[in-house]
């Protein structure tokens, strides 16, 4: 994670991110960007997101439907 976090934080449009602890050997991250275009430009395969011990199995881009404080 120490290799990935600085790159994610510096990506254009980055708002915030959540990296969840693995369950059944698989982790999950949710990263929010200002808009869809910035999200697409900053996620694999577009970004250089390799790090030791990290395998990205898939990426989904979705709009935020609602938030709760």
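Here are 62, 26: which of them is surrounded by fewer than 13 Cβ atoms within 10 Å (Cβ to Cβ) and modelled with pLDDT of 90 or more? Explain how you work it out, then say what you get.
Values: 26 fails: modelled with pLDDT of 90 or more.
Just a single option satisfies the conditions, and that option is 62.
For the stretch 1-34, name all the residues that are more than 19 Å from residue 55 (Cα to Cα) and in contact with a strand residue (DSSP E or B) (Cβ under 7 Å, 6 or more places away or on another chain).
Answer for the stretch 1-34, where residues must be more than 19 Å from residue 55 (Cα to Cα) and in contact with a strand residue (DSSP E or B) (Cβ under 7 Å, 6 or more places away or on another chain): 13, 14, 15, 16, 32, 33, 34.
Can you name every residue in the stretch 35-55 that is in a loop (DSSP other than H, G, I, E, B) and in contact with a strand residue (DSSP E or B) (Cβ under 9 Å, 6 or more places away or on another chain)?
Once the filter is applied, which keeps residues that are in a loop (DSSP other than H, G, I, E, B) and in contact with a strand residue (DSSP E or B) (Cβ under 9 Å, 6 or more places away or on another chain), the stretch 35-55 yields only 43.
Test residue 8 against the stated conditions and say whether it is surrounded by 10 or more Cβ atoms within 10 Å (Cβ to Cβ), in a loop (DSSP other than H, G, I, E, B) and modelled with pLDDT under 95.
On the way: surrounded by 10 or more Cβ atoms within 10 Å (Cβ to Cβ): yes; in a loop (DSSP other than H, G, I, E, B): no; modelled with pLDDT under 95: yes.
So residue 8 fails the test.
The values are calculated or read from the model by the stated rules, or taken from the named source; none is laboratory data. Fair warning: this is a prediction, and the values are worked out from it, not measured in the lab. No Cβ is skipped: glycine too gets one built from the backbone with ideal geometry, and neighbour counts run over all protein chains shown.
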